[in-house]
Amino acid sequence: MLRMSRKTMLALEAVIDIAYNARPEPVQAKEITARQGVPQRYLEQVMQQLVRAGILKGVRGPRGGYRLARERRRISVGDVVRIAMALDSGEEEFEGGSELGQRVVMPMIATLQEDLMTKLDQITIEDICRRARTAGVECGAPDDAQSADDFII
């Protein structure tokens with residue numbers, strides 16, 4: 001079942017932060033933690049999963065950090081949410097309950113979950129970046145920075 005867990009929010013915010021603050025060089029984890037207000041060690045485990053899943057690309061070295069592995073218009077919110085949900089998969093799912101719950105309520109919840117994921121798959125990271133600009137969210141990249149899509153090869 002979809003939960004907006006701390007890891008899910010962190011994963012979404014980190015990917016959006018990288019896309020929104022894109023510039024030629026990678027975005028460093030310490031920059032993300034400063035903007036998002038989360039401990040770096042907590043962020044790193046989420047970032048590693050996003051790299052393994054092909055959402056982000058880790059760049060090593062003194063000027064290393066993270067960049068999107070694909071164009072932001074090719075990454076959906078659903079992609080990121082699924083990865084974050086996998087991180088939380090160790091939690092116990094509700095099982096049991098009455099016949100009414102098992103045969104009516106749980107299938108209804110499963111259908112709602114599928115509908116929600118379908119909608120999240122239709123929203124791209126590019127869409128979220130546009131919303132952030134419209135909402136007046138300040139970008140951490142220099143004013144002359146270009147879109148992340150300009151640097152994806």
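Quick note: the coordinates plus some simple rules give every number you see, no bench work behind them. Note that this is a predicted model, so its numbers are computed, not measured. All Cβ positions, glycine included, derive from the backbone under ideal geometry; neighbour counts span all protein chains shown.
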Problem set entry | Nearby lysines by direct alpha-carbon distance to Lys57 (threshold 24 angstrom, same-chain neighbours under 8 apart not counted) | Lys7, Lys30
Problem set entry | Cβ-based exposure ranking for Leu56, Leu87, in which fewest neighbours within 10 Å come first | Leu87, Leu56
Exercise. From the backbone phi of the range 114-128, what are the Karplus-calculated ³J(HN,Hα) couplings (6.51 cos²θ - 1.76 cosθ + 1.60, θ = phi - 60°) in whole Hz, Gly and Pro given as x?
Worked result: 4, 4, 5, 5, 4, 5, 5, 5, 8, 9, 9, 5, 4, 4, 5
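Among Asp121, Asp17, Asp115, which comes first, then next, by fewest other beta-carbon atoms within 10 Å? Mind dumping the intermediate values first?
Values: Asp121 14, Asp17 20, Asp115 10.
Ascending Cβ contact count within 10 Å gives the list Asp115, Asp121, Asp17.
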Exercise. Using the 10 angstrom Cβ neighbour count as an exposure proxy, how do Asp88, Asp79 rank, fewest first?
Worked result: Asp88, Asp79
Seminar exercise, completed: Here the net charge surrounding Gly140, from other residues whose Cβ is less than 10 Å away from its Cβ (Lys, Arg +1; Asp, Glu -1), is -1
For this session: Enumerate the calculated ³J(HN,Hα) couplings along the range 56-64 in order (Karplus 6.51 cos²θ - 1.76 cosθ + 1.60, θ = phi - 60°), each rounded to whole Hz, writing x wherever the residue is Gly or Pro.
Result: 10, 10, x, 10, 7, x, x, 9, x
For this session: Wrap a convex hull around the Cα atoms of the range 1-78, take a quarter of its surface area, and give that in square nanometres.
Result: 5.2
For this session: Sort all Cα-Cα distances of the range 6-150 into consecutive 10 angstrom bins from zero, then give the percent of pairs in each bin up to the one containing the longest distance.
Result: 11, 38, 30, 13, 7, 2, 0
